[in-house]
Structure formats: structure tokens, C-alpha cells
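Since the structure comes first, as C-alpha cells, the remarks are kept for the end.
The values are calculated or read from the model by the stated rules, or taken from the named source; none is laboratory data. Here the structure is a predicted model, which means the values were calculated and not measured. Cβ placement follows ideal geometry from the backbone for every residue including glycine, while neighbour counts extend to all protein chains displayed. Ligands, DNA and RNA are excluded from the accessible area calculation, which covers all protein heavy atoms including side chains. Shrake-Rupley method; radii C 1.70, N 1.55, O 1.52, S 1.80 Å.
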Amino acid sequence: IERLLPNLNSGFVTFIPYNHTDLQRKGTFPRDLERTIRDADVILIDEAHHFRNPGVAGEGEGEESRYRKLQQYLHQEGGREKQMFFLTATPINNGVHDFRHILELTTNGDDAYFVKGTRNLGIHNLRAHFVQLDQSLSRTPTEAAETEAGELFRFEDALQQDTIFDELVVQRSRVYVKKSESAIAGGSVVFPTREAPRVAPYKLKTTYGRLLESVEQAFSREKPLFALSIYYPLAYWKGPADAPELESFNAGRQAQVVSLIRTQFLKRFESSAHAFEQSCWRLLKKLLAWAEVHSTSDHDLRRLERWKLKNNKHIGYAAAHQQELWPTATDDDDEDQDFLTQADLDAIEKLSPDLYKLDEILDDTFDDLNQIVTFIELGAKVDPAKDDKLKALVKMLKSDKDLKERKVIIFTEFADTAWYLDQHLKEAGIQWVVRIDGSCSQKQRSGVIQRFSPFYNNCSSAEIAAKGQSEIKVLISTDVLAEGLNLQDADRLINYDLHWNPVRLMQRIGRVDRRVNVETEKALLAAHPHLAATRGKIVFWNFLPPDELDDLLRLYNRVNRKTLVISRTFGIEGRKLLTPDDNFDPVKELNEQYEGAESESEALRLEYEELVRLHPDLAAGLPSLPLKMFSGKKAGTPGTRAVFFCFRIPHPDPDLVEAADGAARWSESAGETVWLCTDPEGKTTADSPRAIADLIRCLPETPIHHSLDRAGLAKLREKIEKQLINSHLKSLQAPLGVSPVLKCWMEIS
């Protein structure tokens, strides 16, 4: 802000930036933040998708979420009414309710918000509206829905007509931005080109050997992988049948936790042997602590002691490596400390034997402990020198012509895998490797980012060298660097594992596939002229789960399905995300693709802008044209008989508020435009803006043509106006006298 807008804080306009994390600061800071937000006229929230989940709200359930704190600040008593802007490239991560939650920062949970006053959109219940929308987007596709072009699915265009999205969302594709700026301003916007993703092949069998077989066998059991009974104690309930603990929400939440832990184990298994091993140690510690707390009878105590004696070498090894396994341990910790500390035991909530079948939970817990020990023993035999996935990465970095001597960022979901790669890439002779994960401070991250991408972070190679530092060539990172950062000094990226959410994959790729600055590019190429031939071309690789694990992990399919859900709403940022064969088909074309055809609205907007440029005299005369102008043209297809209508639907106008009662008057300027195209009987003949535009498009020399009965046309117009009153103004609860305004109409015959 200081560099680009030095005069912003002028005394007349005050701009105060905060970080999302400031919402959870202590001391006097919350009071200052509360006052700032209370007195603000405009709130602009960047990366707004972080507020897609309301989180904890009630007292006694832990610290309130950032979402809840922000919502309270925004709607505190005595605060000014605010104009709010939410900026995000990914408003939907898991489903359309993500977007609803963002809106509720404005509505403060008032489901009737969008039928009140000047914000009346005719949505009487916001939650119910999104439930219905979610259902329409989640319909199971059928074979009958396939198109002639062989596309997999064809979905009902639910969002194209949705009022909330149409009124509140502004999105522009790269294609539109480039064409629009070029046509209007004569300038150019530079975006890199992005190749289709490359798949990096590897084999798990080569790496894991018998460990893979052991995991497969664990999944053949009734309770696959682990029973995890300590996380689902309600499955072992023996207390009263009407106890509040048995509410479906509580049981469902515990079952979900078990499912998530299993999935996480498998994802870490695919990520790296080291990540899987660390998960095994952590779960071993948690299970053993639970067994220690709940072993009270002589039988249970003897069983626990026998298990500890039998497996002493394992827990002794873990205790000796506390600092590596659990970074929370300090340098002052006793190297000979017990595997389980008093803090570990105190963290276990002791269950009542009167309410739970503790003997069965203990049986399952010891089964899990034995399974983990088997995994650990087999995992100890995994040799990094035989890690086929690691070897594939090293080979790529050393010999691939598109990676040699290039800056590359390697993303992994797990800090353990990042550590593993950092160690072994350096051992393999890969130079200038640096690792970033969630344990790094903001200052450390900033320094690494500048050394990796100096030119796009207000620095240069010469300045880095002047500090006695070296530029980073290979940056290994967890998803802490996956959003909001300019890393486009690099144009190569590797997804070493797949995040479950495709939005995260899009964000990762967006670190290097970003709008570039012409002057910055000149400076970069002057310092690194060897990049001139390939600069501006983005290349990225995905390590997809191999066939050996696919039946167990299903990670590819899980990500693939979620990608389709997101593409049905806002669209994904490129047709190709996982493999070169991807061809996702967004229904809502608000932000269709990085490259390719514009959305319908963008194509028509560009066409209109071009007409205005070519015919400025006609454009200047548009406001003075009379209402209800009627024209006609000859149809391009024999037998076509259609009538086009352009109506304006008035809405409450916040700029026209009555002084007496504070109510807003209704006006055209605050309203919406509706296009319709019907046959002479009123049946719709074209239902999309593009199809209607194709019917009514004319050249200056196109002759006027009329053949339809004038009396019939008048009756049709009255019929359409009544339909619009029922479909639009009734839901808005428009007062008497407010009616659709016919701007112009045309027959095509």
C-alpha cells in the first residue's frame, strides 16, 4: 500500500489493514480492532474463503472462531452501516453453503435479509434457498445426460438463473480481461500460457514391499485399517438409551472423525514413508495413553504391562526421538524421559465404566496397537534409496530439460514429507534447496519468499547477492505458501502429493500461473537471459496415486469428484487440473477458464463494447430513445416465428429514500434487465442470452420486416408482463403501481 498508494491515508480517507490472525490476538488489541471496525464505512476482506466456516460460537466450547469474532465486530451495537467487499478466487471449496456462510457475515444470520428494504432480492429464506440450490447441483448424472459431443455429464443450468449469484457475484475470466483491455484501452494484459499437467509415474511396491501388503490386509477387515474405538466411544455405549450423549449429531461427528483419521493415514502413506511412519508413532502414543488411563483391573494392568515389555524397543526408540517426532518438545527435555508424559495422560478424558463397554474398547485398542507395531517394523525396512517416488523426483530435477537449472516449487500437504524431501534432495546433490512449513515464523517465510522470487517481491538477484545470500532454486513447501503470494519468478511446479480439495491445487498452481508485470519481466530477463526462450510458459507435474494404492486410497477419484462439484458452481480456473485428459465442463461460466471461450455474459459484453467503439454516435443517443420501441427482422431459418422482449424490472433504490418513513422508492436504475424470447403463443423459444442474441443480431443495413398480427402481438405483450409480475415483482413484494418497464421488442419471422 505504501509503495503503490502513498497518498491513500490523506486525512480525508483512512485505510487501515489488518491480518486475519489479528482477530485472535489478546490484550488491548481486540478493543482497538472493535473500534476500528465499528467506525468503518467500508470493509474489504481479502482471501474471503477463509470465512466459509462459522466454527465455534457458544461459550464453554473453546475459543470462538475468527468467523464468529469478525461477525460480532461487524454487527456491534452503535456501529455504522457498512459496505462490504469479499475478494476471493475460490468462494466455494466444499459446496455452495461455503458461499452462504460468507454472505452471512453481511446478513448476520438473518435468513430474511434479502427481502428487506433496498436489498430486496425476493429471497425469503436464505438457508432454504441454498439448500434447494445445493440439491439441484448435486443431482446424479445419468447416461441420458450425455451430449452428442461425448461429454460425460450435462447438468441443468441451475446457477445461470440464480438471483443471489447474478446480483452479488462479479467474476471476470482472463480471456475477457485481455480482450476488453485490448479493445478499449489499447493496452495488453500479460498472462503466461499453461501447459497441460504432466503425470510423474512411480510404483509403491518398489518402495514399500511387504508394508504395502500389510496395509492391504488391514483394509480387508470389517473395521478397515484401525478400529479407532477411542475416537468413537458412543459405538460402545451401554448407558441409558435416552441419554443426550446419543444424539445423532454426536455419534455422527465421532464416526466422521474415525473416517477422517483413516483417510489421513492413507494419504500420508501415499505422500511418503516418513509421513506414514510419523503418523504411526503419534497414534501409538495416543492409544497407549488411553490404555494406560483406562487399565484399572488386575487383568487389564497385566495385559498392558506385558504389551509394554514386549514392545519396549519400539516405545524406547520413540522416546529417544521425541524432538524429531514431536516438535513441541524443548531442548531442555530429558533425553531419557518416558514415552508417555504426565501431560499425555492428563489429556485423556476418562470414560465411565457404567456408561461404556471399556473392556471392548480396550480390546480394539490393543488390536490397533499391534497393527501399528507391525507397520512400524515393516516401515523400518523401507530404504529411501529404494523409494521409487523420491527417485522419480530426483531424476526429474536432475535430467528433465524443463526442470534443469530452473526454479521450481514442490508442494506437499504434510510437514513430515517436506522434511523428508529436504533431507534426501540435499543428499542427492540437489543444490539451493529450502523448506518451508507451518513451524516457520512469518519473518522466516518472508526471507525465503524473497530469495526464491526476488523480482516479484520488490527485490532483485543483485540485491540478494549484495546481502551475501544465494537465491533459492528448489523451494519445498506445505500449503502455507499456497495462496496470496507472488512466486512467479518461478514457472515450474510439482505437486508431490494431492490435496483432497482441488481448490487447494488451483491455489498452488496460482502461485506461478499469475499475471506478470512487463517491467518486472524485463528486469528478470536482463539478470537471467538464459530464460528468454521459455519464460512465460507454465509447466507443472502431479504425482498421482499409483494403481497399487488406488483401490485403497481412492484419492484421485475423491479429488476428481470434488473438482466436478466446484466446476458446477463457479467454474474451475482451467479445464486441465489433474491429467492431460481432464475436460471439466462448468455449468456456471462466470469464470470459465484461463484460456478458451468466454462466458456468455462476457462474450456479449465484449460485443457491446465493440459496437460502442465502432458507433459512438448511436451509443450516445441510446438514453434518449423512447420506451417500447418495436422493430422486426426476417428470420434466418425458414418457419421461425418469435418475439423478443427486453424489460427492466424496478427494485428499491437506496439513493431514493423517502424522508418521512425511510423507505426507498422503486426505480429502473436500481433494477435488473430481463430478456425473453417466445413464440406468438408465449412459449419460450430461446432461454439463454447467447441464443437470444443470435436471433436478434442485425447489421446497419438489415431491413425492417413485419409479418405477425399486431393485435396478437399486443395480447402477447400483456401476457408477458403479467408473467414477469408473478415471477419477479411478487417475490419482491413490490407495491401497487410498480410494474415491468418494456424497453424494446422485436419480431423475428
Among the candidates Thr106, Thr140, Thr118, residue that is among the hydroxyl-bearing types (Ser, Thr, Tyr), at pLDDT below 90 and closer than 27 Å to Val657 by Cβ: Thr118
Counting just the residues of the range 477-518 that are small (Gly, Ala, Ser) and farther than 19 Å from Arg406 by Cβ, which one comes out most open to solvent (accessible area, probe 1.4 Å)? Gly484
Return the total of residues in the range 686-705 being within 13 Å of Phe644 (Cα to Cα), open to solvent by 70 Å² or more (accessible area, probe 1.4 Å) and over 34 Å from the mean Cα position of the chain (by Cα). 2
Qualifying residues in the range 199-239 (those that are more than 28 Å from Asp387 (Cβ to Cβ) and touching a strand residue (DSSP E or B) at 6+ places or on another chain (Cβ under 9 Å)) - the one most open to solvent (accessible area, probe 1.4 Å): Lys238
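Checking the conditions here, which among Gly737, Gly639, Gly632 is over 42 Å from the mean Cα position of the chain (by Cα), closer than 30 Å to Gly117 by Cβ and not hydroxyl-bearing (Ser, Thr, Tyr)?
Gly737
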In the range 637-656, how many residues are open to solvent by 60 Å² or more (accessible area, probe 1.4 Å) and touching a residue at least 40 places away in the same chain (Cβ under 8 Å)? 2
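Applying the selection to the range 369-405, what residues are outside any helix (DSSP H, G or I), among the aliphatic types (A, V, I, L, M) and open to solvent by 10 Å² or more (accessible area, probe 1.4 Å)? If you could, list the steps in order and put the result at the bottom.
Narrowing the range 369-405 to residues outside any helix (DSSP H, G or I): 380-383, 387, 400-405.
Then keep just the ones that are among the aliphatic types (A, V, I, L, M); that gives 380, 382, 403.
Selection gives Ala380, Val382.
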Taking Arg262 as the residue in question, decide whether it is over 21 Å from His294 (Cβ atoms), open to solvent by 20 Å² or more (accessible area, probe 1.4 Å), outside any loop (DSSP other than H, G, I, E, B) and of a type in the set (Lys, Arg). yes
Name the residues in the range 406-447 that are in a helix (DSSP H, G or I) and within 25 Å of the chain's Cα centre (by Cα), would you? Ala415, Asp416, Thr417, Ala418, Gln442, Arg445, Ser446
Residue under question is Asp364, and the condition is that it be at pLDDT 95 or above and either open to solvent by 20 Å² or more (accessible area, probe 1.4 Å) or polar (S, T, N, Q) (or both); does it hold? yes
Residues located in the range 252-269, provided they are more than 14 Å from Ala415 (Cα to Cα), of a type in the set (D, E, K, R) and in contact (Cβ under 8 Å) with a residue 12 or more places away in the chain: Arg262
Testing Phe249 on (1) in contact (Cβ under 8 Å) with a residue 12 or more places away in the chain; (2) aromatic (Phe, Trp, Tyr); (3) part of a helix (DSSP H, G or I), one condition comes back false. Which one is that? (1)
For the subset of the range 41-90 comprising residues that are at pLDDT 85 or above and of a type in the set (Val, Ile, Thr), which member is most open to solvent (accessible area, probe 1.4 Å)? Val42
Among the residues of the range 162-181, how many are more than 12 Å from Ala89 (Cβ to Cβ), in contact (Cβ under 8 Å) with a residue 40 or more places away in the chain and open to solvent by less than 30 Å² (accessible area, probe 1.4 Å)? 6
Check whether at least one residue in the range 98-107 is more than 15 Å from Leu168 (Cβ to Cβ) and either within 20 Å of the chain's Cα centre (by Cα) or buried (at least 19 other Cβ atoms within 10 Å of the Cβ) (or both), and report yes or no. no
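Residue-by-condition table, conditions (1) open to solvent by less than 30 Å² (accessible area, probe 1.4 Å); (2) within 20 Å of His274 (Cβ to Cβ):
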| position | (1), (2) |
| --- | --- |
| Thr412 | yes, yes |
| Tyr420 | yes, yes |
| Gln423 | no, yes |
| Gln431 | no, no |
| Ile436 | yes, yes |
| Gln442 | no, no |
| Ser453 | yes, no |
| Ser460 | yes, no |
| Leu475 | yes, yes |
